[in-house]
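What follows draws every value from the coordinates through simple rules; no lab data is involved. Keep in mind the model is a prediction, meaning the values are calculated, not measured. Every residue, glycine as well, gets a Cβ built from its backbone with ideal geometry; the counts of neighbours run over all protein chains shown.
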């Protein structure tokens, strides 16, 4: 459901003035989406649920500090990711990317242009996303799966836009390499 | 030192691939985008690479559109 920006601003103002109902309405709008985002990052249903609850508590306690320079959801997601980070250590090792030039051109099936969407392919995308190092996974999940802009995703993670784009590119490249055999088979 | 044509081509491939994310996000300037398109037009390996990167991103967006059904399907894996 598209969220009216002016309506959201009114709710935020009321919440900042101490109106818990207004905050509850904001929470109701975004908690499912936030839980989905955090699940994609943590891959743990309970951890995602707990992180959402903790994020909502912290957001309510800190609503005075929300100055409206970003969307409320961006701010809330940042808090949620910080909560989800607890107990999760980012993988620091650089990822080996299969983007060597001059690679053998794979053999294509009999119908290289045949395009068909399948749940199997999407499940493979989901699994491949799960295998990405955490920093890349977060960048890809926020930008490509959740549809945040690069600037918003960078804000959520608390890094510069350029660094976010670098993680995003590396994550996408790694996913492309992982999914290569699906492309050879003609999946989309 | 003059690079041989194969080495030069591979370097061009590497540079092109490094820009593909920005290209697909529409964030390359016009000149860089045209250069990438020219290279991809003549280089089958990079053309396939770009097509597969585009399909990857489309798959990710489709995941988002599906909501949490698929995400929760895979939680035990």
* Asked: On alpha-carbon atoms, Rg over Rh for region B:1-46 using Kirkwood Rh?
  -> 1.01
* Distance (nanometres) between label positions extended 7 Å along Cα→Cβ at residue A:159 and residue A:120 -> 3.5 nm
* Across the residues of A:37-45, average count of Cβ atoms on other protein chains within 10 Å? -> 3
* Could you work out the mean projected area of the convex hull around the alpha carbons of region A:119-184, in square nanometres to one decimal? => 4.2 nm²
* **Cβ-derived FRET efficiency at R0 30 Å, residue A:64 paired with residue A:151, nearest 0.05** => 0.80
* Asked: What nm value, rounded to one decimal, do you get for the distance between residue A:4 and residue B:30 when each label is placed 7 Å out toward the C-beta?
  -> 4.0 nm
